[in-house]
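Right, one structure below, let's go through it.
The values are calculated or read from the model by the stated rules, or taken from the named source; none is laboratory data. This one's a predicted model, so the numbers in the text were calculated from it and none came from an experiment. Every residue, glycine among them, receives a Cβ derived from its backbone with ideal geometry; neighbour counts consider all protein chains shown. Each accessible area value is taken on the protein alone, full model and side chains, heavy atoms only, with ligands, DNA and RNA left out. Shrake-Rupley method; radii C 1.70, N 1.55, O 1.52, S 1.80 Å.
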Amino acid sequence: MNNIIILFVTFLALSSSSRAADETETAFHYKKGALADPSKWSMTKKEWKICGTGKRQSPIDLSPGIARLVHNSTKLIQTYYKPVEATLKNRGYDIMVSWDDDAGKIVINNTDYQLVQSHWHAPSEHFLNGERLAMELHMVHKSEAGHLAVIGVLFREGAPNAFISRIMGKINTIANIQDGEATIGRLHPKDFGWDLTKFYEYRGSLTTPPCTEDVIWTIINKVGTVSHEQIKVLVDARRGGYEENARPAQPLNKRVVYLNEQHVRSTPSSQGQVRIN
């Protein structure tokens, strides 16, 4: 009798774990044809309805042909970063760098946006001149009021990326571990290596559910490189079915996109500034 009870309890536990895993796997997905692939996000949860009905969704296809060219416009982006302790986390659908609270900020139109996390998508989410690239980095910033500003950096397959090279060993330690974490020591956000000499800027949304339309996007025009091995490490660290974690391009819907060209190079140092519209 005791054996029967033990087996029954074990069965319930396994069934519960299986259901929990299934719910996690299908909360949202990227694989075409999956239960909650991008075409079904708006129907998966009522809170995600805007994923299908919104008019300012991201990502989009960026090109000079759709952009309004701006030369040193009158509104400022200022960057204030410094080295802090950082933690690597496997969220299942991506690999994320979580920064300490004092990592720094950007200032857009006199509003402070604190750097909170960075993560990668492979392939890229935004298109550049009709091309989907190998990878995209998102530097996510948040204002005190909860509004978001994201800096996106695109990469083609080529020479290794220096920042990813530094943390590849740590990525491997949390590969295939849902919510696995690893401390990666003291890092400077500028070590990602991007600059704001030329960039696209537009108003859009989160590229994952709930697809909230409250994001200022800044996409660096200069494309970096990442090696095949580095792409594989980041892809292999994600759970099955999330090997590609990029949302399809969304309609522009008559939004204004700015392409800002700077006469003076500006880097994400401890104190730099760039003008945008």
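When the residues of region 144-163 are filtered to those that are open to solvent by 20 Å² or more (accessible area, probe 1.4 Å) and among the hydrophobic types (A, V, I, L, M, F, W, C), the one that is farthest from residue 246 (Cα to Cα) is 145.
The set of residues in region 44-70 that are part of a strand (DSSP E or B), open to solvent by 60 Å² or more (accessible area, probe 1.4 Å) and over 15 Å from residue 207 (Cα atoms) comprises 68, 69.
Residues that are assigned to a helix (DSSP H, G or I), in contact with a strand residue (DSSP E or B) (Cβ under 9 Å, 6 or more places away or on another chain) and within 24 Å of residue 132 (Cβ to Cβ) within region 144-181 comprise 163, 164, 171, listed in sequence order. Within region 119-132, being assigned to a strand (DSSP E or B), surrounded by fewer than 22 Cβ atoms within 10 Å (Cβ to Cβ) and touching a residue at least 24 places away in the same chain (Cβ under 8 Å) holds for 119, 127, 128, 132.
The single condition among (1) free of Cβ contacts under 8 Å to residues at least 24 places away in the same chain; (2) farther than 23 Å from residue 205 by Cβ; (3) not acidic (Asp, Glu) that residue 104 does not satisfy is (1).
Evaluate the following for residue 116: is it of a type outside the set (Ser, Thr, Tyr), out of contact with any Leu (no Cβ under 7 Å at 6 or more places or on another chain) and open to solvent by 10 Å² or more (accessible area, probe 1.4 Å)? Against the criterion (of a type outside the set (Ser, Thr, Tyr), out of contact with any Leu (no Cβ under 7 Å at 6 or more places or on another chain) and open to solvent by 10 Å² or more (accessible area, probe 1.4 Å)), residue 116 qualifies. Restricting attention to region 182-224, the residues that are over 16 Å from the mean Cα position of the chain (by Cα), loosely packed, with under 15 Cβ neighbours inside 10 Å and part of a strand (DSSP E or B) add up to 4. Checking each residue in region 230-254 for being at pLDDT below 95 and surrounded by fewer than 15 Cβ atoms within 10 Å (Cβ to Cβ) picks out 232, 236, 240, 243, 244, 254. Number of residues in region 134-143 that are assigned to a loop (DSSP other than H, G, I, E, B) and either crowded, with 24+ Cβ neighbours inside 10 Å or hydrophobic (A, V, I, L, M, F, W, C) (or both): the value is 1.
Right, residue 73: open to solvent by less than 20 Å² (accessible area, probe 1.4 Å), among the small types (Gly, Ala, Ser) and at pLDDT below 95 or not?
Values: open to solvent by less than 20 Å² (accessible area, probe 1.4 Å): yes; among the small types (Gly, Ala, Ser): yes; at pLDDT below 95: yes.
When the stated conditions are applied, residue 73 passes them.
Give region 81-97 a look and list any residue that's surrounded by fewer than 18 Cβ atoms within 10 Å (Cβ to Cβ) and of a type in the set (S, T, N, Q), or say none. The one that is surrounded by fewer than 18 Cβ atoms within 10 Å (Cβ to Cβ) and of a type in the set (S, T, N, Q): 87. All conditions but one from (1) assigned to a loop (DSSP other than H, G, I, E, B); (2) more than 23 Å from residue 247 (Cβ to Cβ) apply to residue 114; the one that does not is (1).
For region 165-181, the set of residues classified as surrounded by 14 or more Cβ atoms within 10 Å (Cβ to Cβ), charged (D, E, K, R) and within 7 Å of residue 90 (Cα to Cα) consists of 181 only. Does region 263-275 contain any residue that is at pLDDT 95 or above and either part of a loop (DSSP other than H, G, I, E, B) or more than 18 Å from residue 59 (Cβ to Cβ) (or both)? No, that holds for no residue.
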